[in-house]
Amino acid sequence: MILKPQVLDLRIILFFLGKIVLGFGLMMALPLLVSLAYGELVPVFDFAIGLFVSLSVGFILVVGARVERDVDVTWMHGMVVVSMAWLVCMFLGAVPLHLSGHWKSYLDACFESMSGLATTGLSLVQNLDHLSHGANLWRHFLQFLGGQGIVVVALSFLVKGGPGAFRLYVGEARDEQILPNVVETAKFIWFVSLVYLCLGTLLLSLCAYFSVGLPAPEALFHGFCIFVAAFDTGGFTPMSQSVLYYQSPLFELITLIIMIWGSLNFKLHYAVWTGHRREMIRDIEIRTFFMTLTATAVLVALGLAKWGIYKGPFVLMRKGMYQMFSAHTGTGFQTIYSPQFLTEWDPLALFGIILAMGLGVSVCSTTGGIKMLRLGIILKAFREDIKRFMISDSSVVTTRFRHLRDLFLEDRLVRSAALITIAYISLYIFGALAGCFAGYPFLQALFESTSAAGNVGLSCGITQASMPVFLKIVYILQMWAGRLEFFSILVLGGFIISYFRGK
Amino acid sequence: MNIRLRNAFHIVSGICYEIFFGLVLIVWTGALCLAASFLYR
């Protein structure tokens, strides 16, 4: 028998949802201040309206659903709050974007908002090169908030620690706790991000000023935006030509290194920053990443070399390697135009890029996709099964692997990794079929679908304002499900069903 | 104070190590791309 949720369950969910919305709304103050600093008056009003709407919604939820401080937050509450928070924040984050007039409809602004929050980077903006600094900053800041995790933001400022906080944290696909206290974990994630924010913005701004030749205030603005997009593996850029706009190999090199930083597990950052540097070469995620990086690089390089589109070997290396890293780390920066993937790239190279996009890198990082820990566990399980055939029946096989500590390969780990992997592959194929239904060829549809569900952001040309409305909605759902890694969304579905059919 | 200095040292060396790690990956994949392009020359 399915139990119907009680009023208290709804109040707990709405109360914590309200707190997250309040924290999210407050973040709109930053682009508002930036618009004021640049003397852009219309965007100031756009963000003031967005701020007012968000704070009103948050305030109504918190006051209307007020619960006791020591209320028991269950796993179900945490999961439902997180999955709903991402949808509500998408709608609220889209308000100032829609008011700017650079998006054809509110749905397009919602697409942009979800793309930013899920650190995807697919964009439906019109005339990006003339977008106000405030709105442009908000697009990038959405990636920062989504990359950190909306719940991590709320945990840092608005929610007290405890089991409830941990359940919210896990709901956001961050099942690895770095420090014993979840609020301390959230603060450490902020610490790593802010240290790299200062360093990366400085490097990119200097490069934009000296190497690209941008004026100092613009160099700083571009440096900040590109850092945020690279570290949070988002992929938005302030200009419509993506990273190609800067025409600087040094700029590309710096963004490559920042993308790699962003794709590493925050727990691994903690290990390396506390003197345990050997973890970097012992960890199963990094070892698997090295293997898949090699495999996809070979596919892309062979495909491009066979096709002969790039005349010199160094041009091939620069173009092929950049797109490949961008795909594997889930960033989505491009140094070629979107249609070139189809018109100039060999299908083998395209397959390498799709594979890289689907795999992702680390759990507890800002990347999307299947992730190397899961792939590593599945490969280890294969090896263990083969080993069983090679030895006598009476022998017992145990396999260990290193993921920041020694772990045994247990059946439940393999099962969990396999289930999530199957879910991701199904999501990629579902989006590809939706693309085929809209009239696009399968390879093109698979490319865009994998990019959306893997939270990557590379585009071969499907994502544009004129694409069918149902495909926009499919991609929004893919980005949402891909970022939250399914479970909290499935629990939300279960909650809705139990509300209507429970007794 | 010593603990703080040691922490700062670990953080700075950790960042340098992560930059080095990134460069190793970039050089490795770059070498693979170059090898492939020479293969088809």
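The values are calculated or read from the model by the stated rules, or taken from the named source; none is laboratory data. Since we're looking at a predicted model, the values are computed, not measured. Note that each Cβ is placed from the backbone with ideal geometry, even for glycine, and that neighbours are counted across all protein chains shown.
Selection of region B:1-39 for residues being assigned to a helix (DSSP H, G or I), more than 17 Å from A:GLY312 (Cβ to Cβ) and either modelled with pLDDT under 90 or among the charged types (D, E, K, R) (or both) yields B:ASN2, B:ILE3, B:ARG4, B:LEU5, B:ARG6, B:ASN7, B:ALA8, B:PHE9, B:HIS10, B:ILE11, B:GLU18. Give A:ILE309, A:ILE377, A:ILE370 a once-over and let me know the one that is within 30 Å of A:ALA186 (Cβ to Cβ) and more than 21 Å from the chain's Cα centre (by Cα). Just a single option satisfies the conditions, and that option is A:ILE377.
Take the conditions farther than 16 Å from A:GLY149 by Cα, in a helix (DSSP H, G or I) and modelled with pLDDT under 95 and apply them to A:VAL62. Does it pass?
yes
Taking the criterion of being touching a residue at least 24 places away in the same chain (Cβ under 8 Å), more than 9 Å from chain B (Cβ to nearest Cβ) and either more than 12 Å from A:SER362 (Cβ to Cβ) or in a loop (DSSP other than H, G, I, E, B) (or both), the residues of region A:271-286 that qualify are A:GLU279, A:ARG282, A:ASP283.
Tell me, please, whether a residue that is touching a Pro at 6+ places or on another chain (Cβ under 8 Å), assigned to a helix (DSSP H, G or I) and at negative phi can be found in region A:95-103. Within region A:95-103 (the criterion being touching a Pro at 6+ places or on another chain (Cβ under 8 Å), assigned to a helix (DSSP H, G or I) and at negative phi), the answer is yes, since at least one residue qualifies. For region A:253-264, a tally of residues being more than 9 Å from every other protein chain (Cβ to nearest Cβ) and touching a His at 6+ places or on another chain (Cβ under 9 Å) returns 1. For A:PRO217, state whether it is free of Cβ contacts under 8 Å to residues at least 40 places away in the same chain, closer than 24 Å to A:PRO31 by Cβ, surrounded by fewer than 24 Cβ atoms within 10 Å (Cβ to Cβ) and more than 8 Å from chain B (Cβ to nearest Cβ). Answer is yes for this residue. If you check A:LEU407 against the conditions, is it modelled with pLDDT under 95, touching a helix residue (DSSP H, G or I) at 6+ places or on another chain (Cβ under 9 Å) and farther than 23 Å from A:CYS110 by Cα? The answer is yes for A:LEU407. Tell me, yes or no, whether region A:299-306 has at least one residue that is touching a residue at least 24 places away in the same chain (Cβ under 8 Å), within 11 Å of chain B (Cβ to nearest Cβ), within 22 Å of the chain's Cα centre (by Cα) and assigned to a helix (DSSP H, G or I). No: zero hits.
Only residues that are hydrophobic (A, V, I, L, M, F, W, C) and assigned to a loop (DSSP other than H, G, I, E, B) were counted in region A:463-503, giving 3. Within region A:1-55, can you find the residues that are basic (Lys, Arg) and either surrounded by fewer than 19 Cβ atoms within 10 Å (Cβ to Cβ) or out of contact with any helix residue (DSSP H, G or I) (no Cβ under 9 Å at 6 or more places or on another chain) (or both)? Of everything in region A:1-55, those that are basic (Lys, Arg) and either surrounded by fewer than 19 Cβ atoms within 10 Å (Cβ to Cβ) or out of contact with any helix residue (DSSP H, G or I) (no Cβ under 9 Å at 6 or more places or on another chain) (or both) turn out to be A:LYS4, A:ARG11. Among the residues in region A:305-315, are any of a type in the set (Gly, Ala, Ser) and crowded, with 21+ Cβ neighbours inside 10 Å? Yes: region A:305-315 contains one or more residues that are of a type in the set (Gly, Ala, Ser) and crowded, with 21+ Cβ neighbours inside 10 Å. Residues in region A:309-323 that are more than 7 Å from every other protein chain (Cβ to nearest Cβ) and assigned to a helix (DSSP H, G or I): 6 in all. Candidates in region B:24-38 are the residues that are within 7 Å of another protein chain (Cβ to nearest Cβ) and more than 13 Å from the chain's Cα centre (by Cα); of these, the one that is surrounded by the fewest Cβ atoms within 10 Å (Cβ to Cβ) is B:PHE38.
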